[in-house]
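Undergrad: Dropping the structure in here first, questions after.
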Amino acid sequence: MEDCVFCKIVKKEIVSDIKKETENFIVIPDIKPSAKTHLLIIAKNHIDNFAMGSDNLLIEAKNIAIDLQKELNLEEFQFRVNWGKLLEVKHLHFHFLAGFNI
C-alpha cells in the first residue's frame, strides 16, 4: 500500500531500528512506547484487516513474542493486537510490551 508507513518501513524506505526479522515479520521499537519495552511485530505483507491474517501468521507472531521474551530475559510480557478504532496504522501488527510498574 502506497501511503502505509509500515509498508515503507518494511521496504526500508523509512529507516528504522529493526531488532529482529523473519520471512514474514520485522520487529521494531514503538515510537510512542507504553512500557519500558514496547516493540511492534509487523507483517511484511500489507494486511489491513486482522481477520484476513492466516493462522500461520498469528502463530509465527506469537512465536516471535516468545523468542523476544527469551532473548530479552523477561519474566513476563503482554502480546496485543489492536482492532477497529484502536488501530492507528491499518497494517497487521502486534504489540510486545514488558516492564510495567504494577
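Undergrad: From K90, K62, K44, grab the single residue that is over 14 Å from K19 (Cβ atoms), surrounded by 13 or more Cβ atoms within 10 Å (Cβ to Cβ), modelled with pLDDT under 95 and of a type in the set (D, E, K, R). Spell out how you get there, then give the answer.
TA: Working: K62 fails: modelled with pLDDT under 95; K44 fails: modelled with pLDDT under 95.
The match here is K90.
Undergrad: F77: open to solvent by less than 80 Å² (accessible area, probe 1.4 Å) and over 15 Å from the mean Cα position of the chain (by Cα), yes or no? Walk me through how you get there before you give the answer.
TA: Working: open to solvent by less than 80 Å² (accessible area, probe 1.4 Å): yes; over 15 Å from the mean Cα position of the chain (by Cα): no.
Spelling it out, it is not the case that F77 is open to solvent by less than 80 Å² (accessible area, probe 1.4 Å) and over 15 Å from the mean Cα position of the chain (by Cα).
Undergrad: Out of everything in segment 1-41 that is hydrophobic (A, V, I, L, M, F, W, C), free of Cβ contacts under 8 Å to residues at least 24 places away in the same chain and open to solvent by 80 Å² or more (accessible area, probe 1.4 Å), what residue ends up being nearest to L74 (Cα to Cα)?
TA: I31
The values are calculated or read from the model by the stated rules, or taken from the named source; none is laboratory data. Note that the structure is predicted; figures quoted are calculated from it, not measured. All Cβ positions, glycine included, derive from the backbone under ideal geometry; neighbour counts span all protein chains shown. Keep in mind that these areas ignore ligands, DNA and RNA; they rest on the heavy atoms of the full protein, side chains included. Shrake-Rupley method; radii C 1.70, N 1.55, O 1.52, S 1.80 Å.
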